[in-house]
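Have a look at the structure below, then the notes.
The values are calculated or read from the model by the stated rules, or taken from the named source; none is laboratory data. Remember, predicted model here, so these are calculated numbers, not experimental data. No Cβ is skipped: glycine too gets one built from the backbone with ideal geometry, and neighbour counts run over all protein chains shown.
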Amino acid sequence: MSEMGFLPDWLDLREPVDHAARDPSLLARAAECVGAGKAVLDLGSGTGSTARAFKGTVPDDAWHFLDTDEKLLHVAARRHPGSQQIRFNLRNVDALPLDGAGLVTASALLDLMPISWIEGLAKRLYAAGLPLYAALNYNGHMSWTPSLPDDAKITSSFNIHQLRDKGIGRATGPHAASEAQRVFKEHGFDVVTGDSPWELGAGQAALHAELLLGIRNAAAEVGCETADIWLDDRRAILANSTASIGHTDLLAIPR
């Protein structure tokens with residue numbers, strides 16, 4: 001979703017960590033849901049990272065990539081020959097093109113969405129008899145080693161920022177996975193969740209550095225006066241730091 005600031009370089013930078021973080025059992029169960037001759041509709045698809053996470057268990061020509069950003073869809077088309085690209089505004093959840101689908105997927109998306117959108121998605125998918133695999137939903141937990149005195153304050157400020165409207169309504173932010181689990185259960189789904197934290201070490205220094213800047217910017221925007229000092233202190237020890245950024249995967253299957 002271009003209005004949410006997704007860029008190909010950032011998506012490529014985070015992809016290896018995303019793939020390593022996904023709960024493998026939920027990913028395998030999601031692949032089993034597709035069914036012969038059925039498509040996978042990938043919401044907010046970006047460049048097609050979700051398809052690459054399935055590691056060939058679902059062929060390229062089964063993927064229907066849906067995004068508002070035409071440039072990202074062009075990248076997805078190049079990387080997945082035979083796939084279909086659908087430029088679509090996700091605000092209109094009632095008009096999602098579900099015909100021919102056996103599974104709907106979304107990665108790092110639900111935490112950007114308001115609860116009303118998640119409820120609308122649950123209603124649509126239940127009526128269509130379709131499961132949802134929604135991975136990498138930020139869940140509000142961040143920690144670093146070594147720790148700094150302001151880590152908790154920065155995390156709290158960042159989580160407040162995550163609740164802001166991302167262009168479609170007040171986001172569920174760090175509550176996305178728990179709220180989606182509740183909503184989908186209430187709408188007739190069996191729901192399983194799994195932890196999928198980003199684990200950042202020396203091999204992910206570039207991603208870690210970009211993440212620290214993004215966290216600082218978000219914290220500062222909600223009035224955290226120590227955000228700049230925290231960023232400088234974190235940068236100073238980046239080479240010897242590790243981080244764990246909490247995410248939750250979800251698989252919802254209609255009863």
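Per-structure values
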{"item": "Test result for Trp117, under 22 Å from Gly37 (Cα atoms), among the aromatic types (Phe, Trp, Tyr) and modelled with pLDDT of 95 or more", "result": "no"}
{"item": "Test: residue in segment 42-52 that is farther than 18 Å from Leu251 by Cβ, surrounded by fewer than 24 Cβ atoms within 10 Å (Cβ to Cβ) and not aromatic (Phe, Trp, Tyr)", "result": "yes"}
{"item": "Residue that is farthest from Met113 (Cα to Cα), among those in segment 53-92 that are buried (at least 19 other Cβ atoms within 10 Å of the Cβ) and acidic (Asp, Glu)", "result": "Asp69"}
{"item": "Segment 205-230 residues that are touching a residue at least 40 places away in the same chain (Cβ under 8 Å) and outside any helix (DSSP H, G or I), paired with ones that are acidic (Asp, Glu) and crowded, with 17+ Cβ neighbours inside 10 Å (beta carbon under 7 Å, 6 or more apart)", "result": "Thr226/Asp150"}
{"item": "Condition check for Leu148: over 20 Å from Gly120 (Cβ atoms) and in a loop (DSSP other than H, G, I, E, B)", "result": "yes"}
{"item": "Residue count, segment 15-44 (criterion: under 13 Å from the mean Cα position of the chain (by Cα) and closer than 13 Å to Leu103 by Cβ)", "result": "2"}
{"item": "Members of segment 114-154 found to be in contact with a helix residue (DSSP H, G or I) (Cβ under 7 Å, 6 or more places away or on another chain), farther than 14 Å from Ala252 by Cβ and not small (Gly, Ala, Ser), listed by number", "result": "Ile115, Trp117, Leu136, Tyr138, Asn139, Met142, Trp144, Leu148, Asp150, Ile154"}
